[in-house]
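Heads up, the thing below is written out as structure tokens.
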Amino acid sequence: MRTALIIMAAALRGAAALAKLPLERFSVAPMMDYTDRHFRHLFRLLSRESVLYTEMVTANTLVDDTGAPRHGSGDRWLAHDDHEDKTILQLGGSSPKVLGAATELAMAHHSYAGVNLNCGCPSERVAGAGCFGAALMRDPDQVASCVKAMHRHAPVSVKCRIGVVDSVRDLSDDEDELYTSLARFVETVSREGVSRFIVHARVAVLSGLSPDANRKVPQIMPGIVQRLQSEFPALEIVTNGEVNSVDDVLARSTGLQGAMVGRDACRRPWHYAVVDEEVFGAANPVKSRRALLDAYAHYCDRAEVELAHDGYSPRRAVLKPALTLFHGDAGAGAFKRTIDALHKDASLSAGGVLRAAAEHVPGAVLDAAPGERAVVRREAAAA
Ligand SMILES: Cc1cc2nc3c(=O)[nH]c(=O)nc-3n(C[C@H](O)[C@H](O)[C@H](O)COP(=O)(O)O)c2cc1C
């Protein structure tokens with residue numbers, strides 16, 4: 001019996017490793033404090049095809065140094081509801097043992113489509129904690145050992161930068177030099193079964209720049225990502241960094257697997273309600289923001305009840321992803337202000353707050369189809 005179980009577990013592990021990552025023509029980047037389960041739920045309502053990433057979870061918060069699960073951590077960090085079939089869990093860490101065990105734990109209890117290793121975060125908080133995040137790019141063999149351990153339990157991809165330097169003084173214009181070390185990294189890591197690399201087309205500066213500044217300078221160099229794909233045609237390369245519209249997605253991903261969008265997807269999620277049709281050639285799942293808000297308000301009501309515990313209310317967290325739904329449109333300010341004003345109102349549910357806020361948005365905006373610009377008369381906009 002025990003032998004049969006061991007064989008079955010091994011077969012399941014083999015199947016997990018053989019499973020393929022979903023097609024990633026368009027994805028939303030992992031972003032701490034943003035791409036939580038609520039944001040992903042909202043985004044999934046407006047796109048069924050996009051690949052979505054979780055916030056980074058450090059492997060050590062899930063398992064201890066021996067690989068044993070930490071009590072309760074799985075549910076706290078990994079739980080999500082349905083809709084997650086094209087969602088990738090991003091892990092941070094540098095120990096093959098810990099990353100392997102964290103991947104096993106995540107895949108055993110939570111149905112992610114795959115796991116991604118963070119080799120792109122330059123935050124001193126992360127990069128300074130031993131060799132971790134972008135600093136890992138300097139040790140391709142270590143990354144190869146990590147992904148080997150992870151790949152036993154899940155399809156794995158790696159998110160990295162085009163290069164890494166200690167400080168801005170070390171930045172160089174020599175694209176060949178940069179490319180050579182990127183290619184060495186990718187070649188070494190891909191030997192362990194990773195075929196997808198998401199490359200933020202900007203060098204990471206490990207010290208002297210805030211994480212925010214590290215996403216603005218130095219300049220992006222998308223040509224290096226294109227070169228990587230053309231010299232490694234068997235790999236699936238996804239470009240990232242200042243891809244700021246659906247048009248950018250189409251233009252920047254030419255010849256690649258796809259493009260990943262970060263900040264712009266939070267800044268104006270509705271802009272991406274056309275990606276299923278324009279990028280994947282499928283039907284857009286939602287007809288208007290009225291329909292989207294209705295579905296999301298139902299979710300908020302359910303999540304508010306199910307996730308409340310020990311005095312914690314998820315209300316702020318569930319409302320946050322909706323705040324920018326009307327970005328750039330008439331009624332955007334009034335919608336946000338109403339959520340702000342009502343979010344503590346105990347007589348309303350979280351969904352009720354959203355419904356009340358939507359009353360301040362002109363009907364033409366609420367009913368505009370994805371990609372359609374609503375024409376709103378000045379009086380209606382001011383109302
Ligand atoms: C608030 C914030 C949090 C982020 N958190 C992560 C993270 O957890 N893991 C990661 O690999 N990258 C993280 N990033 C970087 C993004 O995934 C992305 O690579 C970067 O923002 C560049 O893409 P963009 O120009 O489209 O925003 C974060 C970025 C932002 C703005």
**Request:** Kindly indicate the residue of the stretch 210-239 that is away from the ligand (no atom under 13 Å from the Cβ) and polar (S, T, N, Q) and also surrounded by the most Cβ atoms within 10 Å (Cβ to Cβ) among those meeting that condition.
**Result:** Gln229
**Message:** For the structure I just gave you, tell me whether Met107 is at pLDDT 95 or above and either among the aliphatic types (A, V, I, L, M) or surrounded by fewer than 24 Cβ atoms within 10 Å (Cβ to Cβ) (or both).
**Reply:** no
**Message:** Based on this model, can you work out whether Ser207 counts as assigned by TED's automatic domain parsing to the domain that holds Tyr53, loosely packed, with under 15 Cβ neighbours inside 10 Å and touching a residue at least 60 places away in the same chain (Cβ under 8 Å)?
**Reply:** yes
**Request:** Report yes if some residue within the stretch 139-151 is within 15 Å of the ligand (Cβ to nearest atom), among the hydroxyl-bearing types (Ser, Thr, Tyr) and either open to solvent by 10 Å² or more (accessible area, probe 1.4 Å) or touching a His at 6+ places or on another chain (Cβ under 8 Å) (or both); otherwise report no.
**Result:** no
**Item:** the stretch 153-169, subset in contact (Cβ under 8 Å) with a residue 24 or more places away in the chain and farther than 19 Å from Leu235 by Cα, residue surrounded by the most Cβ atoms within 10 Å (Cβ to Cβ)
**Value:** Val164
**Residues of the stretch 161-209 that turn out to be part of a strand (DSSP E or B) and closer than 22 Å to Gly262 by Cα, as a count** = 14
**Complete:** Selection from the stretch 251-283 of residues surrounded by fewer than 17 Cβ atoms within 10 Å (Cβ to Cβ), farther than 20 Å from Phe326 by Cα and within 15 Å of the ligand (Cβ to nearest atom) yields Ala251
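The values are calculated or read from the model by the stated rules, or taken from the named source; none is laboratory data. Source: prediction; values computed, not measured. All Cβ positions, glycine included, derive from the backbone under ideal geometry; neighbour counts span all protein chains shown. Only protein heavy atoms, including side chains, enter the accessible area calculation; ligands, DNA and RNA are left aside. Shrake-Rupley method; radii C 1.70, N 1.55, O 1.52, S 1.80 Å.
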